[in-house]
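To keep things clear, I will list the structure first and then write my remarks on it.
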Amino acid sequence: MVGRKNGGLTRLAAGNEVRAFASLGTSHRPCPLLHRLEEVPLEVLRQRESKWLDMLNNWDKWMAKKHKKIRLRCQKGIPPSLRGRAWQYLSGGKVKLQQNPGKFEELDMSPGDPKWLDVIERDLHRQFPFHEMFVSRGGHGQQDLFRVLKAYTLYRPEEGYCQAQAPIAAVLLMHMPAEQAFWCLVQICEKYLPGYYSEKLEAIQLDGEILFSLLQKVSPVAHKHLSRQKIDPLLYMTEWFMCAFSRTLPWSSVLRVWDMFFCEGVKIIFRVGLVLLKHALGSPEKVKACQGQYETIERLRSLSPKIMQEAFLVQEGQLDGTCVASFYT
């Protein structure tokens, strides 16, 4: 089987806009924030908050001896009041910040490379335009998003800016201040999705091949259909993986997936992708309705709300996760 390695992928090059998501038409899709969050009983939520507070206040002990318990609690969902703090601990962003005091402020005060600043500026209004943080042009949310993305281009000048980093940074900013969001973004780019935001397409191409290989085990019907239609995985999985489903799933599902992603890593992204492919194209009836490439891509662009719900994704992801888990062990 194909193995993962670091690589790079398509980005926005200064003076030559390479829209990695053009085939999926992301800018015209409804914002996932419009989907209502699933309700958790107040008593259950308070119990979870108490457990998470204990973990966060004794983090090193829990990580050393009870990592499985942390994973199970992430699968259930992190309490909203503690999500931002938990993501910082899980990702290692908190440690990065402590190891680099004053670094973000230094980057923030620097002027930045003009070739990236204009590109970043043009992308700000596209990120969750219905969210109160980002609804106003030049508002505090867009300002912080600009600061975080500009800082990353200075922190990693050899990489610069990739369009997919904007929704990632926006989600982080909804849960934490700019400095903390910056270091979590660094961790995502360097630890969780290495090579995804670099200059070449190697990393995402490789993970597309891996996803397609895993799909053969999880859903032979879907695999056969995509093979017959000669549809490259990049046409349907690029945005899913590069944006960690932040521009694809209902909001409650995005948060649940990210809770598990920060704990378990990129295999969560693979699991979710496999669930969506299996239940969108995994039966003869569904395949029959997708006679050509266009119909198939449209099916993957307009996924059934049922298969995108958080409880469904978690349950089915566990069932389909065996082959993914074996690949990463």
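The values are calculated or read from the model by the stated rules, or taken from the named source; none is laboratory data. Predicted model, so just to flag it, every value in this text is computed and none were measured. Because the Cβ atoms are built from the backbone with ideal geometry, glycine has one as well, and the counts that use them run over all protein chains shown. Each accessible area value is taken on the protein alone, full model and side chains, heavy atoms only, with ligands, DNA and RNA left out. Shrake-Rupley method; radii C 1.70, N 1.55, O 1.52, S 1.80 Å.
Overview of values
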quantity: Some residue of region 213-225 being β-branched (V, I, T) and not assigned by the TED database to the domain that holds Q293; calculated: no
quantity: Those helices (runs of 4 or more DSSP H) lying entirely in region 194-260 with at least 2 residues in contact with a Pro (Cβ under 7 Å, 6 or more places away or on another chain); calculated: 202-218
quantity: Qualifying residues in region 123-157 (those that are farther than 14 Å from V171 by Cβ and β-branched (V, I, T)) - the one surrounded by the most Cβ atoms within 10 Å (Cβ to Cβ); calculated: T153
quantity: Selection within region 126-151 - touching a residue at least 40 places away in the same chain (Cβ under 8 Å) and within 16 Å of W183 (Cβ to Cβ); calculated: K150, A151
quantity: Single condition V218 does not satisfy, out of (1) free of Cβ contacts under 8 Å to residues at least 60 places away in the same chain; (2) among the hydrophobic types (A, V, I, L, M, F, W, C); (3) more than 25 Å from R85 (Cα to Cα); calculated: (1)
quantity: Count of residues meeting criterion [open to solvent by 70 Å² or more (accessible area, probe 1.4 Å) and touching a residue at least 60 places away in the same chain (Cβ under 8 Å)] in region 287-299; calculated: 1
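Let's see how each residue does on (1) open to solvent by less than 30 Å² (accessible area, probe 1.4 Å); (2) not assigned by the TED database to the domain that holds P167:
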residue: K65; (1), (2): no, yes
residue: R71; (1), (2): no, yes
residue: G84; (1), (2): yes, no
residue: Q88; (1), (2): no, no
residue: G93; (1), (2): yes, no
residue: K96; (1), (2): no, no
residue: G112; (1), (2): yes, no
residue: K115; (1), (2): no, no
residue: E121; (1), (2): no, no
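Yes/no per residue for (1) in a loop (DSSP other than H, G, I, E, B); (2) aliphatic (A, V, I, L, M):
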| residue | (1), (2) |
| --- | --- |
| W52 | no, no |
| K61 | no, no |
| A64 | no, yes |
| L72 | no, yes |
| Q75 | no, no |
| I78 | yes, yes |
| A86 | no, yes |
| L90 | no, yes |
